Amino acid sequence: MKKIINNPNHVVTEMLQGIVKAHPELQYFEGVEVICKKDKKKKVGLVSGGGSGHEPAHAGYVGTGMLDAAVSGNVFASPSPDRVLKGIQEANTGEGVLLIIKNYSGDIMNFDMAKELAEMEGIRVESVVVKDDVAVKDSTYSTGRRGIAGTVFVHKLAGAKSETGASLDEVKRVAEKTITNIRSMGMAMTPCTLPAVGKPGFVLEENEVEIGMGIHGEPGVEKTTIKTAVELAEILCNKILDDYDYEGSEVALMVNGLGATPLMELYILNNEVEKVLSKHNIKIHKTFVGNYMTALEMAGCSITLLKLDDELKELLDAPCDTPAMKV
Amino acid sequence: MKKIINNPNHVVTEMLQGIVKAHPELQYFEGVEVICKKDKKKKVGLVSGGGSGHEPAHAGYVGTGMLDAAVSGNVFASPSPDRVLKGIQEANTGEGVLLIIKNYSGDIMNFDMAKELAEMEGIRVESVVVKDDVAVKDSTYSTGRRGIAGTVFVHKLAGAKSETGASLDEVKRVAEKTITNIRSMGMAMTPCTLPAVGKPGFVLEENEVEIGMGIHGEPGVEKTTIKTAVELAEILCNKILDDYDYEGSEVALMVNGLGATPLMELYILNNEVEKVLSKHNIKIHKTFVGNYMTALEMAGCSITLLKLDDELKELLDAPCDTPAMKV
Amino acid sequence: MEIKINTKKYIEYIEMAAKKIEASKDYVTELDSITGDGDHWVNMNMGFEKLVETKEELATMDLGPLFQKIGMLLMSTVGGSSGVLYGSAYIKAAKTIGDQKEMDINLLCDVLEAKVNAIMERGNAKPGCKTMIDTLYPAVTALKEALEKGLNDYDALQALKQAAIDGMNSTKDMEALKGRACYQSNKGAGHIDPGAVTMCYQIEVLVECLCKE
Amino acid sequence: MEIKINTKKYIEYIEMAAKKIEASKDYVTELDSITGDGDHWVNMNMGFEKLVETKEELATMDLGPLFQKIGMLLMSTVGGSSGVLYGSAYIKAAKTIGDQKEMDINLLCDVLEAKVNAIMERGNAKPGCKTMIDTLYPAVTALKEALEKGLNDYDALQALKQAAIDGMNSTKDMEALKGRACYQSNKGAGHIDPGAVTMCYQIEVLVECLCKE
Ligand SMILES: Nc1ncnc2c1ncn2[C@@H]1O[C@H](COP(=O)(O)OP(=O)(O)O)[C@@H](O)[C@H]1O
Ligand SMILES: Nc1ncnc2c1ncn2[C@@H]1O[C@H](COP(=O)(O)OP(=O)(O)O)[C@@H](O)[C@H]1O
Ligand SMILES: [Mg+2]
Ligand SMILES: [Mg+2]
Ligand SMILES: [Mg+2]
Ligand SMILES: [Mg+2]
C-alpha cells in the first residue's frame, strides 16, 4: 500500500488536523472528529457527515452557504451518535438543525440516535436522507438506494436556503425537494485500499470497469470492459434518464471524480455528457467538474443531474465559500 | 490503459471542449488550443501554457485575477509558436503581454519564437521563466531547474498585479520577484501513461517512491522505499530549506497532488509540513492543498514555498476567480 | 439453581465475552469481508476491550447506570452499525432495569426483550433480514416460552442458548435486506451473518457464565 | 557536375526525406525513449507528412517563400523542441534566399549555415550539447572548407554528408546539456541523440538527391 500517511489508525484525525491548518476559518474538535465554522451566524444549522475517505466530503463543504458542521467516522465507517451529537450542538444557534444523511443503514441509525440525544437536550432536529444512486433499485423494503455525489447539491441548496434566514421547516422542504430531483450514476476503474486493511478490497482486471459501483466499493450493476468516453457518457446518462424524467428541463450537472481520475478525463467525459443531454433537450444551467465525493484513491467517476426550477436555480447560484466549493 | 477518453490523439481538444462547456465564461480556439476569457478588460495580458496533462494547469487558471489566456500543447509536449502567438493576440488589449514560461527548453524555444512573431505584429511582449524545482541543480550552463507547481503562484501574483492596472514592466517585476522567492520539491509514487503511448513511461516497484521526480516523469534524485508522512514532509521541506533561506519568514504554502493522490493524503501531509515549517520558525500566511499542477494520473505530491513580503502578500490575498482557484 | 445477576457478575460476564470475541478474529472478519466491509470484528473487539479497560469504574455502578454506561461506551467505541445497535439496546435495557440492583431470570428476560426491541426499532429491521436480530429474537422467544412453561433457570438458559445458535445458523441461507450485505449481488446468501455470530457468542458466554457455579 | 536547386528539385528532396524518416520509426523512437520522451519520430514524421500533403501548394512558390512556408508548417505541425528549431531554421534560411529562384552550391552553403545559426540561437546551444547541432554544424563547416579548397560540387557534397554522419556518431558519448536527455541520470551518455540522427538523414538524402543525376 502506497499512501502518504503515518499510522493507518490515525488517518482521520491527522487529516482533519491538516484541514484546519489549511483553513483557519474552521474549527476542529478532536476525538469527536467534528469540523465546524468558527464564525457563527444565527440561522438553521446544517450538519452532514459519514465515513471518511470521501474527501472533500464532508469537511470541505463547511463554510458560508453550505454546512455548519461535518462529522467524520473512521474510513468508510459511520460516525457514532456522540460525534454527530457534537456536530449538532456546534451547528445549533437556537434555530434548529437539519441533518443531511446519506442512505446507508449505519449512517441512518447513528444520525437518528444522535437526533434523539439532541432532542433530549432541547435542540430541534430534522433530517433528510439522500438516495441518489440509480445503480441500486429503490426500495422501501430493504435499505434501498445509496447516497452518493448528489449529496453535495443538497448541502449547497439547503445551505443557501438556510443562509436566507429561512426556518427549519423551510430549509428541510428545500432539501427534500432537491433530493427528489437528483439522480446519480457512477463507474469504477480501480479498487481502493482501506488504510487499516492495507490491500485492495476487490479486484478489477486490466481492462475491466464496474458500472454502478458504490463509493465504498459496493458491487455495481455490471462488470464490463473499458469503454470510450462516448460510450460511458451514454451508459451513465441513460441509466439516470431511464429512472427520472429530465427531458426538456434545466439541470445542474456534476461530473465527479472518485479520487484518482485526473481532471483531463473528467473534462473529456463532460464534453460527451453535454452531447447526450442536449440530445434529450436538457439544458445545463451550471456544470461542476471535479473531485467532489470520492472513494479514497479509486479511479472512476459519477454523473449527477439535478432538475432545477426557479427556486432551486436561485439557491444553486447563491454565493457559497467553503474549502471545496466556492460559488 | 484505463482512461476515460476516446481517441488518444484527440484528448487535448476534447478536454478543452469539455472545459468551456463547464465554464461558459471562457472561450476556446480549436486547432490552436487556446483558452481565454470572453470578457476582456484593458490591462496587461497574462499568457501561460505548456504541454497538456497538468490539469487544471493551465486553462483552469484563466479568469479574473490570474491568466488571460492559456495555450495547450499535446500531452507533455510544448505548444508550437503559432498557438502561443494566438494566445498572445487574445490576451493583448494594447497594454502588452507577459508570458509565464516553465523552464523546459521546448517551452522556452516555442514561447520565445511566439514572442518574436508577436513583436513583428507590434505587440509588446515580455516573458519570465519559472524554475522552482529544487530536485534539479540550478545551472546557467545547461537547461537547469524545471518549472513545476510554483508556477501557479506566479499566475496568481502577476495576475493580481495586472488586475490593478499596473504596467507591463511592473507586472513583470512582480512575476520575477515571485519567482525568486519560490521553491518546490516533489515526489512520485506511481508512473503515468501518455494516452498515445498506452503504457507507463517508467516503473516503480510495489513499495518504491521516487523523490524529486519531475511532472513528466523525469528522473528525480533518489528512488527509495515508501516513507511516512512525517518523513516525507521532512525530506521534501528540508530539500527546499537547504536551497533557500525561509527561516523566520512568512510564506504561502502549496501542498500539491500529482493527480491520483486523494485529498485525505494531501491533508495528512499538510499537517506534517506545518510542523516542519514551524520548527524553522516559518509562519504560514495561506495554505493551498489540492491538485494544482498534475502529471496525468501519477500518484504523488509536491510542496511549494513562496516567501512573502507586504507587496506579495497583498497580491496573494487579492480576489481571483478562475475554474481552479478562487480567492 | 436460581440465578442472580449483580454488577459484579455482569462485569465477570463482560470479561468472558471480551475473551470470546477476541478469539474469533479470523472467522468473524472473514464473514464480514464476504458479506460486508470486513470491520465487524475490529468494531466489536474495540468495544469490548474498552469495556474491560473501564471495568474499575463500571464496578462502582448500580445495574441500571451500568447498562446505560455500557451502552454509551459501545455506541462511541464500536462505531458503524453495530455500535449504535448495541448502544441502543443497552440504553433501552437500562430503562427496564431502572434502579433495581439485581436481575433474576425474569428481569433478564425483560432486559433481553428490551434489547431486541431496541435493535429492531433502531435498525428498522425484523427477523429474517439476515442480521443479529435473527440470533437474539428467537433466543428471547425461547426464553420467554421456557419461563412460561415453568422451566427452571438452568433449563431456561439452555433453551435461550440453543435458540440463539439455531437462529445464528438460520442466517446462512437468508438474503440480506439490511446492512451492507444487501449490496452484494447474492445478498450474502450462503454465508452466516457476522453480527448474528457475535450476538450468539455473547449469549453463549452469558449462559456459560450464569450456569458455571 | 554543378548543382542547381529550384522549387521543383527541393520538393523532390522533401519527398525523399519524408520516406527516409518514415522508414526510421523504430530506431528513432527507441533513441528518444531512452534519452528523452519518445516522441521525436512521431513529431518529425508528422511534419514531413504534412509537407508532402501540401506539395501542390508548395510547388507554386518561389524558393524563398517556399522555405518560409516550410518553416511555418514544420513549426506548427512538428511541435515540441524540434518543431520550433526546424521552423526557425527554415525561416532564417528563407531570408538568406530572398527572392533568388535557384540555389547553387554556394547559396546552399549559406542556407545551411543560416539554418545552423538559427538553431543554435533558438536553442541557446552549441556543438557539444548532444543535439541535432552536432550533426549540422560540422557538416556545414566541412562544406565551407571544401568550397574554399575549390572542390567540385560532387566532392563538396560528399564532404558535407560524411561530416554529418561523423557528427551524428559523435553524440553517442556526449552528455546532454540541452533537451530532455539532460534530466537522465547519465545525461543520455552511450546513446546517439535522436535529433542528430534525423538531421543526418535529411543531409544524406539531400546529397543523394542532388547527386543522383
Ligand atoms: N439495520 C440493521 N438492523 C439490525 N442489524 C443490523 C442492521 N444493519 C446491520 N446490522 C448488523 O450489523 C452487522 C454489521 O456490523 P458492522 O460490520 O460492525 O457495521 P457496518 O455494517 O457499519 O460495517 C451485520 O452483520 C448485521 O448483523
Ligand atoms: N536546446 C536545443 N538546441 C538544439 N537542439 C535541441 C535542443 N533541445 C532539444 N534539441 C533537439 O531536439 C531533439 C528532440 O526533439 P523532440 O523529441 O521532437 O522534442 P522534445 O524534446 O520536445 O520531445 C533532441 O534529440 C535534440 O536533438
Ligand atoms: Mg463498517
Ligand atoms: Mg516531446
Ligand atoms: Mg462491517
Ligand atoms: Mg522528444
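The values are calculated or read from the model by the stated rules, or taken from the named source; none is laboratory data. Values in this document were obtained by computation on a predicted structure and should not be read as measured data. As a convention, Cβ positions derive from the backbone with ideal geometry for all residues, glycine included, and neighbour counts pool all protein chains shown. SASA here: full protein model, heavy atoms, side chains in, ligands and nucleic acids out. Shrake-Rupley method; radii C 1.70, N 1.55, O 1.52, S 1.80 Å.
What is the helix-to-structure angle for C:80-97, meaning the angle in degrees between its Cα long axis and the longest Cα principal axis of chain C, kept from 0 to 90 and rounded to the nearest 10?
It is inclined by approximately 20 degrees.
If you find the alpha carbon centre of segment A:39-100 and of segment C:1-67, how far apart are they in angstrom?
When both Cα centres are located, 30 Å separates them.
Put a label point 7 Å from Cα along the Cβ direction on D:Lys212, then list its distances to the equivalent points in the other copies in nm, shortest first.
Those label-point separations list as 9.9 nm.
If I model a spin label at D:Asn169 and B:Ala318 as a point 7 Å from the Cα along the Cα→Cβ vector, what separation in nanometres do I get?
That separation, rounded to one decimal, is 6.0 nm.
For D:Lys25, B:Lys43, what's the largest-to-smallest order of accessible area, 1.4 Å probe?
Sorted descending by solvent-accessible area, the residues read D:Lys25, B:Lys43.
May I ask for the longest run of chain A untouched by GluC sites (Glu not before Pro) that are loop-located per DSSP and have at most 16 neighbouring C-beta atoms (other than their own) within 10 Å?
Details: sites that count: A:Glu25, A:Glu30, A:Glu121, A:Glu205, A:Glu206, A:Glu247.
Longest stretch, sites excluded: A:31-120.
Please report, as a whole percent, how much of the solvent-accessible surface of segment A:182-317 comes from carbon and sulfur atoms (probe radius 1.4 Å).
With neighbouring chains kept in place, the figure for segment A:182-317 is 47 percent.
In segment C:122-198, which trypsin sites (Lys or Arg not before Pro) are in a loop and have at most 15 other Cβ atoms within 10 Å, using DSSP for the loop call?
C:Lys149
Express in nm, to one decimal, how much length is gained between D:Glu2 and D:Met61 on full extension, taking 0.36 nm for each residue of separation and deducting their alpha carbon distance.
On the way: separation 59, 0.36 × 59 = 21.24 nm, distance 2.32 nm.
Extending this stretch completely gives an extra 18.9 nm.
Go ahead and estimate [θ] at 222 nm for chain C from helices alone: -39,500 (n - 2.57) per DSSP H run with n ≥ 4, summed, over the residue count, rounded to 500.
Values: 10 runs with 152 residues, N = 213.
Counting only the DSSP helices, I get -23500 deg cm²/dmol.
Between A:Lys223 and D:Glu12, how many nm apart are label points set 7 Å from Cα along the C-beta direction?
It works out to 6.3 nm between the two label points.
How would you classify segment D:40-145 from its alpha-carbon gyration tensor, with a ≥ b ≥ c the square roots of the eigenvalues: rounded for a/c under 1.5, else prolate if a/b is greater than b/c, otherwise oblate? Let's see the in-between values first.
Numbers: a/c = 2.03, a/b = 1.10, b/c = 1.84.
Oblate is the answer for segment D:40-145, as a/c is 1.5 or above yet b/c matches or exceeds a/b.
Using Cα centres only, tell me the gap between segment D:120-144 and segment C:73-93 in whole Å.
Spelled out, the Cα-based centre of one part sits 78 Å from the other.
Given label points at 7 Å from Cα along Cα→Cβ, what nm distances, shortest first, separate A:His280 from the same residue in every other copy?
Relative to the other copies, A:His280 has label-point distances of 5.2 nm.
Ordered shortest first, which distances in nm separate the 7 Å Cα→C-beta label point of A:Lys199 from those of the other copies?
List, nearest first: 2.6 nm.
Residue-wise, which Karplus ³J(HN,Hα) couplings in Hz belong to segment A:203-219, taking 6.51 cos²θ - 1.76 cosθ + 1.60, θ = phi - 60°, and x for glycine or proline?
10, 10, 5, 2, 10, 9, 10, 10, 6, x, 4, x, 7, 10, x, 5, x
Using R₀ = 30 Å, calculate the FRET efficiency as 1/(1 + (r/R₀)^6) where r is the Cβ-Cβ separation of A:Ser278 and B:Asn7; round to 0.05. Can you show the working numbers first?
Working: r = 21 Å, r/R0 = 0.70.
It comes out at approximately 0.90.
Can you tell me the convex hull volume per residue for chain B, based on C-alpha atoms, in Å³ to the nearest whole number? Each step should come with its number before you reach the end.
Values: hull volume 39.2 nm³, N = 327.
Output value, Cα hull per residue: 120 Å³.
Among the trypsin sites (Lys or Arg not before Pro) in segment A:98-178, which ones are in a DSSP loop with at most 11 other Cβ atoms within 10 Å of the Cβ? Mind listing them? Numbers along the way, then the final one.
Numbers: sites: A:Lys102, A:Lys115, A:Arg124, A:Lys131, A:Lys137, A:Arg145, A:Arg146, A:Lys156, A:Lys161, A:Lys172, A:Arg173, A:Lys177; in loops: A:Arg124, A:Lys131, A:Lys137, A:Arg145, A:Arg146.
Filter output for segment A:98-178: A:Lys137.
Using only protein heavy atoms and a 1.4 Å probe, report how much of C:Met75 is accessible, in Å² to the nearest 10.
My reading of the accessible area for C:Met75 is about 0 Å².
Probe radius 1.4 Å, ligands and nucleic acids left out: can you give me the accessible area buried at the A-B interface, summed over both chains, in Å² to the nearest hundred? Don't jump to the answer; show the numbers that get you there.
On the way: alone 13530 and 13490 Å², together 22570 Å².
Summing both sides, the interface buries roughly 4400 Å².
What percent do you get for the relative contact order of segment D:7-211 when only Cα pairs under 8 Å and 6+ apart count? All intermediate terms of the calculation are to be shown ahead of the outcome.
On the way: 337 pairs, mean separation 45.4, N = 205.
Relative CO of segment D:7-211 lands at 22 percent.
Can you give the accessible area of B:Asp169 in Å² (nearest 10), computed on protein heavy atoms with a 1.4 Å probe?
Approximately 90 Å² of B:Asp169 is accessible to the 1.4 Å probe.
When all protein chains stay in place, what accessible area (Å², nearest 10, 1.4 Å probe) is found for C:Asp104?
60 Å²
For segment B:10-180, what does the alpha-carbon gyration tensor say about shape, rounded, prolate or oblate, given a ≥ b ≥ c as the root eigenvalues, a/c under 1.5 as rounded, and a/b over b/c as prolate?
Note, shape of segment B:10-180 comes out rounded.
Calculated FRET efficiency, B:Glu208 and C:Ala189, Cβ-Cβ r, R0 41 Å, to nearest 0.05?
Details: r = 42 Å, r/R0 = 1.03.
E(calc), rounded to 0.05, equals 0.45.
Roughly speaking, to the nearest percent, how much of segment B:10-180's 1.4 Å accessible area is carbon and sulfur?
Numbers: 2400 of 4960 Å².
Carbon-and-sulfur percentage of accessible area, whole number: 48.
Report the residue, chosen from A:Gly45, A:Gly96, A:Gly248, that carries the largest GNM mean-square fluctuation when chain A is represented by alpha-carbon nodes joined by springs under 10 Å.
A:Gly248
Rounded to the nearest 100 Å², what is the sum over both chains of accessible area buried where A meets C, with a probe of 1.4 Å? Before the final figure, lay out each step's value.
Details: alone 13530 and 9700 Å², together 21390 Å².
The contact between C and A buries close to 1800 Å².
Starting from the residue with the highest accessible area, list A:His54, A:His10 in decreasing order, probe 1.4 Å. Display every interim value, and only then the final one.
Numbers: A:His54 0, A:His10 90 Å².
Accessible-area ranking of A:His54, A:His10, largest first: A:His10, A:His54.
Given a cut-off of under 8 Å on Cα pairs at least six residues apart, what relative contact order in percent is computed for chain B?
Working: 784 pairs, mean separation 59.6, N = 327.
Computed value for chain B: 18 percent relative contact order.
Given a 1.4 angstrom probe, what's the average accessible area per residue across segment D:1-113, in square angstrom? Don't skip to the end; give the middle numbers.
Values: 4800 Å² over 113 residues.
It amounts to 42 Å² per residue over segment D:1-113.
Divide by every residue of chain A the summed helix terms, -39500 (n - 2.57) for each DSSP H run of at least 4, and state the resulting mean residue ellipticity at 222 nm, rounded to the nearest 500 deg cm²/dmol. Intermediate values should be presented prior to the final figure.
On the way: 8 runs with 105 residues, N = 327.
The helix-only estimate for chain A comes to -10000 deg cm²/dmol at 222 nm.
If the label point is 7 Å along Cα→Cβ of A:Lys40, which residues in segment A:61-82 have backbone nitrogen under 20 Å from it?
Zone members listed by number: A:61-72, A:81-82.
Taking all protein chains in place and a 1.4 Å probe, what share, in percent, of the accessible surface of segment C:7-211 do carbon and sulfur account for?
On the way: 3960 of 8070 Å².
Answer for segment C:7-211 is 49 percent, counting heavy atoms of protein chains only.
Relative contact order for segment A:1-136 using alpha-carbon pairs under 8 Å, separation at least 6, rounded to a whole percent?
Contact order relative to length: 21 percent.
Rank these by accessible area, largest first, 1.4 Å probe: A:Phe202, B:Phe153. Please list the in-between numbers first.
Working: A:Phe202 40, B:Phe153 0 Å².
Sorted descending by solvent-accessible area, the residues read A:Phe202, B:Phe153.
Placing +1 on the Cβ of each Lys and Arg and -1 on the Cβ of each Asp and Glu in chain B, which of B:Ile19, B:Cys192, B:Ile240 has its Cα farthest towards the positive end of the resulting dipole?
Going by the Cα projections, it comes out as B:Ile19.
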